[in-house]
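Before any comments, here is the structure.
The values are calculated or read from the model by the stated rules, or taken from the named source; none is laboratory data. Since the structure is predicted, the reported quantities are computational estimates derived from the model, not experimental observations. Cβ placement follows ideal geometry from the backbone for every residue including glycine, while neighbour counts extend to all protein chains displayed.
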Amino acid sequence: MTLKQRHREPWRVEKMVLLVVTALLTVEMLDGFAVVPPTLPAVDATVTIDLDTTLNEFPGTRVLGAGVDGLEEGEIDKVWTPANVQAMKTAGFGPISYRLRTELGVKAWHWNPRGTWSDPAAEQGYWVSSDEPKEDYRASQGYRLPRRGNTVDQGKNDGYSRLSDGDLSTFWKSNPYLDSHFTGEPDDLNPQWIMAVFPHAFPIDTVMFDWGTPFATGFKVQYWSGKDAHFPVDDGKWVDFPLGTHTGTGGSQTVRIAPQPMDVQYLRIVLTQDSDTAPEGSTDVRDKLGFSVRELSIGQETADGFVDYIAHTPSQEQTEMWTSSTDPWHSAGDIDKHYEHASFERLFDSGITNGQPMMVPVPALYGVPEDAAALLRYLKKRGYPVERVEIGEEPDGQLAQPEHYAALYLQMARAMKEVDPAVEFGGPGYQTTLPEWVHWPDAKGVRSWTGRFVSYLRERNKMEDFDFFSFEWYPFDDVCADPSEPLAEHPKLLKDLLVRQEQAGLPADIPKVITEYGYSSFAGQVELELPGAMINAETAALFLALGGETSYYYGLEPNWVFQEKEGKNCNSWGNLMMLQFYDEWKIRPLAAFQAARLVNEHWVHASDGNHTVHTATSDINNQKGEPLVTAYALRRPDGSLGVLLFNKDPQKSIKVRLMHKTGGEHDVVEGEIALEQYGSAQYKWNPSQGEGNGGQPKPNQPPGSSVIKADEAATFTLPPHSISVAVTEP
């Protein structure tokens with residue numbers, strides 16, 4: 001074609017220009033990666049939102065809750081002031097979960113100080129709080145259990161076992177509600193047990209009992225073949241001693257369990273049959289149910305006599321003991337005011353529940369079914385909205401056997417169903433254990449806690465009493481480690497854990513609830529820094545993307561900076577909190593507070609309308625192949641897109657572009673984008689290693705706001721270790 005011909009046919013020129021422009025604006029797919037137009041600004045990473053894939057749907061902040069917990073003596077009044085409650089509410093959380101600290105501390109809970117004892121004249125026995133509402137009692141307390149079996153607890157850990165306290169006037173007794181009288185099943189089907197843990201292996205061939213009443217008429221003694229019986233993640237199992245099976249006589253009894261001493265660190269006594277006898281003068285059937293031991297000695301016979309390897313003392317210095325259960329019997333004198341909980345009136349009247357139903361706890365290990373039923377009647381008489389009850393808290397952390405927990409769970413559920421059949425029940429409320437929640441293998445070799453709990457219910461046709469599955473999420477124990485690696489591996493840890501639960505037998509369609517979450521269950525500086533806030537925010541979004549239903553942040557109440565032994569190696573001080581107490585109970589917001597607002601007030605739409613979770617992925621990874629940018633995308637009720645983004649690189653900013661995939665086609669997200677960002681420009685924690693208030697945040701500013709114009713092609717920069725929320729036009 002000549003120049004003269006081009007001039008004569010201008011329509012051909014226009015067509016050629018159109019073809020070139022069209023080619024430049026076309027997005028092609030090469031090996032699964034989007035080739036974007038060369039006219040767009042260069043980026044480090046592309047975040048693609050797959051609008052063709054729906055992961056979950058939820059009604060706004062109704063699934064983004066927070067938990068409230070027990071406190072030390074006198075702290076309830078200082079924490080639950082109107083000003084503090086208002087500050088807590090501004091974080092934007094929805095429903096509230098009432099956590100039960102007494103269940104962790106081996107305590108009985110008097111949720112109402114008014115009530116009745118089974119032995120009212122002596123003010124002792126089994127307690128049932130009154131279901132009649134009267135005055136607001138403001139705070140409730142826990143009560144020590146004088147028949148305690150465990151040395152260790154998950155609360156203040158200042159109690160001790162009666163099995164090795166050196167006092168023959170005290171005794172351990174198992175929970176009578178696990179006796180065949182209440183379970184309707186043979187006692188040897190899921191027998192009670194005692195475990196003694198030595199600091200290292202000792203030569204053992206003899207066990208000496210000082211039995212209480214009732215005593216075991218049949219028992220056997222075993223040793224652990226694996227490494228650590230606390231966390232049986234290896235192939236260890238309980239093995240009978242060569243002379244381990246015996247008939248119990250009551251009183252003082254010595255039994256030989258091996259012809260020659262055997263080196264043993266973990267020893268278990270399995271109690272298979274009980275005497276069914278009660279102390280003289282008893283009129284309560286529960287007194288004769290289960291097993292009782294006053295003192296236990298374990299060691300070896302030598303030419304010079306018996307050598308006892310048990311340290312007998314009423315303190316944490318005793319030889320560590322664990323038992324299958326503990327009798328919830330106690331007296332008025334056993335009150336422990338270091339276990340205080342805010343009253344239900346105080347919580348509901350404060351407005352902290354936001355007019356939504358509160359998840360209410362009942363104790364499983366240290367309560368009685370009659371008290372659980374009374375609690376539900378009480379709340380209904382008050383007119384407080386309650387739809388769900390979590391039964392127990394962290395039974396796995398107290399080495400409770402899945403079958404024992406399940407038997408108590410069903411008794412609690414049955415008692416409360418008689419009050420209100422519409423209420424939903426759930427559990428087990430696990431503590432966080434990675435890679436899996438396990439117990440010692442059963443007769444079939446099954447170790448999964450979840451699998452065995454579900455099997456127990458299913459075998460008894462009681463799955464209708466299991467309405468939701470609950471657990472806590474504190475994935476990182478090491479508060480001294482560089483948080484960059486934990487940040488990067490976080491999504492896979494939670495995903496894999498949930499997959500394993502379904503593989504173990506958890507029904508895929510049962511609602512899953514995280515009843516507490518945070519960076520770690522131990523106090524550390526990282527919890528006051530940006531990485532801790534990032535884990536909090538990501539947990540809420542990630543759980544929804546994985547099909548979870550509701551999550552409850554732990555740390556709603558103002559608190560103080562402090563140090564635990566886990567932080568001493570690196571002199572790390574911290575706490576799970578979003579509001580810091582300082583200078584005589586003043587409060588100030590921390591990173592966790594701003595992270596919560598980003599999720600609750602910006603990522604999620606203000607209405608309770610339907611939010612649709614879509615897949616969102618980035619194409620930038622670290623050397624391990626883990627995403628350096630993670631993203632969580634919503635189609636909000638008003639039609640806008642909300643994208644929550646995390647830059648997990650501690651040093652580098654990352655420039656990203658938002659793309660969306662619809663009908664198989666990839667396009668740049670169009671229109672203006674409202675951007676909220678929170679990073680080191682807004683916040684930095686300055687520790688003081690325990691001096692003064694333990695540290696302070698400076699700077700301490702809210703997230704920065706900006707607008708990405710339509711002609712900027714959804715391109716913006718994520719600061720190092722930061723949280724961003726991008727919201728499109730409706």
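Worth a mention:
- Test: residue in the stretch 644-665 that is modelled with pLDDT of 95 or more and at positive phi: no
- Selection from the stretch 276-318 of residues that are assigned to a strand (DSSP E or B) and under 40 Å from the mean Cα position of the chain (by Cα): Ser292, Val293, Arg294, Glu295, Leu296, Ser297, Ile298, Gly299, Asp308
- Test: residue in the stretch 570-585 that is at negative phi and among the charged types (D, E, K, R): no
- Options Tyr405, Tyr430; residue that is under 30 Å from Ser225 (Cβ atoms), out of contact with any Phe, Trp or Tyr (no Cβ under 6 Å at 6 or more places or on another chain) and hydroxyl-bearing (Ser, Thr, Tyr): Tyr405
- Asp274 vs. criteria surrounded by 15 or more Cβ atoms within 10 Å (Cβ to Cβ) and either in contact with a helix residue (DSSP H, G or I) (Cβ under 8 Å, 6 or more places away or on another chain) or within 25 Å of His404 (Cα to Cα) (or both): yes
- Test for Ser724: is it small (Gly, Ala, Ser) and either under 15 Å from Glu529 (Cα atoms) or over 31 Å from the mean Cα position of the chain (by Cα) (or both): no
- When residues of the stretch 243-272 are limited to those that are outside any strand (DSSP E or B) and hydrophobic (A, V, I, L, M, F, W, C), the one nearest to the chain's Cα centre (by Cα): Ile257
- Residue match in the stretch 617-635 (condition: farther than 25 Å from Gly548 by Cα, surrounded by fewer than 14 Cβ atoms within 10 Å (Cβ to Cβ) and charged (D, E, K, R)): yes
- Residue in the stretch 453-468 that is surrounded by 16 or more Cβ atoms within 10 Å (Cβ to Cβ) and over 21 Å from Asn190 (Cα atoms) present: yes
- Within the stretch 668-688, tally of residues that are more than 16 Å from Ile708 (Cβ to Cβ) and surrounded by 13 or more Cβ atoms within 10 Å (Cβ to Cβ): 9
- Residue count, the stretch 420-432 (criterion: surrounded by 17 or more Cβ atoms within 10 Å (Cβ to Cβ) and assigned to a loop (DSSP other than H, G, I, E, B)): 3
- Ser164 meets each of the listed conditions (1) within 21 Å of Thr254 (Cβ to Cβ); (2) surrounded by fewer than 21 Cβ atoms within 10 Å (Cβ to Cβ); (3) small (Gly, Ala, Ser) apart from (2).
- Any hit, the stretch 201-212, residues being part of a loop (DSSP other than H, G, I, E, B), under 30 Å from Pro363 (Cα atoms) and not charged (D, E, K, R): yes
- Test for Gly692: is it over 21 Å from Ile535 (Cα atoms) and under 32 Å from the mean Cα position of the chain (by Cα): yes
- On the stretch given as the stretch 473-485, residues that are in contact with a helix residue (DSSP H, G or I) (Cβ under 9 Å, 6 or more places away or on another chain) and closer than 22 Å to Val438 by Cβ total 5.
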